[in-house]
1. Quick check: anything in segment 70-93 surrounded by 16 or more Cβ atoms within 10 Å (Cβ to Cβ), within 21 Å of Gly179 (Cα to Cα) and over 22 Å from the mean Cα position of the chain (by Cα)?
2. May I ask you to verify whether Leu244 is surrounded by fewer than 17 Cβ atoms within 10 Å (Cβ to Cβ) and in contact with a strand residue (DSSP E or B) (Cβ under 6 Å, 6 or more places away or on another chain)?
3. Among (1) part of a loop (DSSP other than H, G, I, E, B); (2) touching a strand residue (DSSP E or B) at 6+ places or on another chain (Cβ under 8 Å); (3) hydrophobic (A, V, I, L, M, F, W, C); (4) under 26 Å from Gln357 (Cβ atoms), there is one condition Trp251 misses while meeting the rest; what is its number?
4. Taking Trp168 as the residue in question, decide whether it is aromatic (Phe, Trp, Tyr), surrounded by fewer than 23 Cβ atoms within 10 Å (Cβ to Cβ) and either closer than 30 Å to Asp278 by Cβ or in contact (Cβ under 8 Å) with a residue 40 or more places away in the chain (or both).
5. If I filter segment 338-364 down to residues being among the basic types (Lys, Arg) and either over 18 Å from His91 (Cα atoms) or not assigned by TED's automatic domain parsing to the domain that holds Glu225 (or both), which single residue comes out as farthest from the chain's Cα centre (by Cα)?
6. Go through segment 214-233 and give me each residue that's under 13 Å from Ala164 (Cβ atoms), without any contact (Cβ under 8 Å) to a residue 40 or more places away in the chain and within 21 Å of the chain's Cα centre (by Cα).
7. I'd like the full set of residues that are over 16 Å from Thr115 (Cα atoms) and either at pLDDT below 95 or of a type outside the set (S, T, N, Q) (or both), limited to segment 342-357.
8. Suppose we filter Val130, Val166 for residues that are in a loop (DSSP other than H, G, I, E, B) and either closer than 20 Å to Ala232 by Cβ or outside the structural domain of Ala240 (by TED's automatic domain parsing) (or both); which single one remains?
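The values are calculated or read from the model by the stated rules, or taken from the named source; none is laboratory data. Since the structure is predicted, the reported quantities are computational estimates derived from the model, not experimental observations. Note: ideal-geometry Cβ built from the backbone for every residue, glycine included; neighbour counts use all protein chains shown.
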Amino acid sequence: MGTRARPPAPATPSDVIRHVGILGGGSISETHARAVAAVPDLRVAAVCGRNAGRVEALAAQHGAVAFTDRDAFLRHRPMDIVAIGTPSGVHGDDIEAAAAQGLHVLCEKPLDVTTARIDRLLAAVERAGVALGVFFQDRSSPDLMDVKDALVSGRLGRPILADARVKWYRPPEYYAQSGWRGTWALDGGGALMNQGVHTVDLLLWLLGDVRRVYARTLAALHAIEVEDTAVAVLEFESGAVATLEATTAAWPGYDRRVSITGTLGTIVIEQARVVKWDVREPALVGAPGGAAAIAPNAPAGAAASTHVVADASPHRRVFEDFVSALDTGRPPRVDGREGRRSVALIEAIYASSRTGQPVDVARPA
C-alpha cells in the first residue's frame, strides 16, 4: 500500500509572488516599474497608458503585457496590485475602477485633487474590501523615521517652530508640453498640490494636524492657471507654528529644506536626509548615522530642477511596506485616510489665498 503524499505546505508571505499592473505611461510609471523589479516577490504584469509607443517599450522591458485601454488592462490576470501614475485629477476614477475589479491600489500623490473626490473613492475602496496606499515615500526614509521617533519620544522636546521650503524650478516647457500640468481640473493646483504636497504630508506626519492657515499664492513666472509660488503660515493643533514655501519659479532649483525646532533643540532636513541634529544631551539621543554624510554645499538633487526620478529606492520601500501590509493584514504606512490629510490642508491654503483671510482646516465628517 503506497504512502499518501503530504499536501504542500501553505505558502508563507515570502513564497507569494504578486503581480503589479502599472497604470500611466509617464516618467513616474517608469519609476514604479523599476521599483517593482527591485522587490523579489513582485512582478510587473501589465502596463497601460495612452502613449502606445512608450507603454509597449516599458512593457517589453519588464516582460509585461501592454494596454492602451484601461478597462481591458484592469481585467488582465494574473494581477493583484495596480500602481497608479496617471494625472492627479483622474486618480479617483482609476482607483474606483481598480477596486471594482478586486485589485489593491498604490496611488501617486495626491490621492485626488479634492477631498470630496477622495471621500467618494475611499467609500468605494471600503465597499470592495481592497487595500489602498499612497506614494508618500518620505515616511519610509530611514533619516525621517529617526526624526519622527525623536518627536514621538520627546527627545526634541515640545515642538515650537518649523519652516519648510520647496524652492524648485520647472522650465516653461514643463507646463506647455503637458496637457494636464498647471490646470485646476487635472493637476488640482500648482507648486503646492504637485511639488509641495510631499512636504505638506511630511509636516502633518511629523507635527500633527493643522488647525488654521493663512496663505498667499500666485503665478509669478509661468503662464498657468494655478500657482507656481505659495507661502503659508500654519498653526498646528499642538500650538506649534510653521511657515511653508513652495515654488517652481526658483531657478536653478534648490533642495527641499525643512527645519523643526523643539524645546530641546533643532533638526534640519534636506531632501529626505538629516543634515543638522542639534539636540541637548547628545550622548543620550545621538544623531542618525546619515546626518554627517552630506556636505553643506552639496549640489542640489535632481528633484529641484526636473520631474524625472533617478533613484527608485524610495518607491521600492513603499512597495515593500505595501506587500508587508497585505501579508499581515495591517494598513499600509500611508493609507487612503492619511493621504486625504494633505489635500485637505492644501484646500484650506487655496481658500485662504482666495479670500485673504485665515481659514480653519476642515476635518473628515
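1. yes
2. Considered against the rule, which asks whether it is surrounded by fewer than 17 Cβ atoms within 10 Å (Cβ to Cβ) and in contact with a strand residue (DSSP E or B) (Cβ under 6 Å, 6 or more places away or on another chain), Leu244 comes out as no.
3. All conditions are met except number (4).
4. So Trp168 fails the test.
5. Here the residue is Arg354.
6. If the condition is that a residue be under 13 Å from Ala164 (Cβ atoms), without any contact (Cβ under 8 Å) to a residue 40 or more places away in the chain and within 21 Å of the chain's Cα centre (by Cα), then Val231 is the only one that fits.
7. Arg354, Gly356
8. Just one listed residue meets the conditions, Val130.
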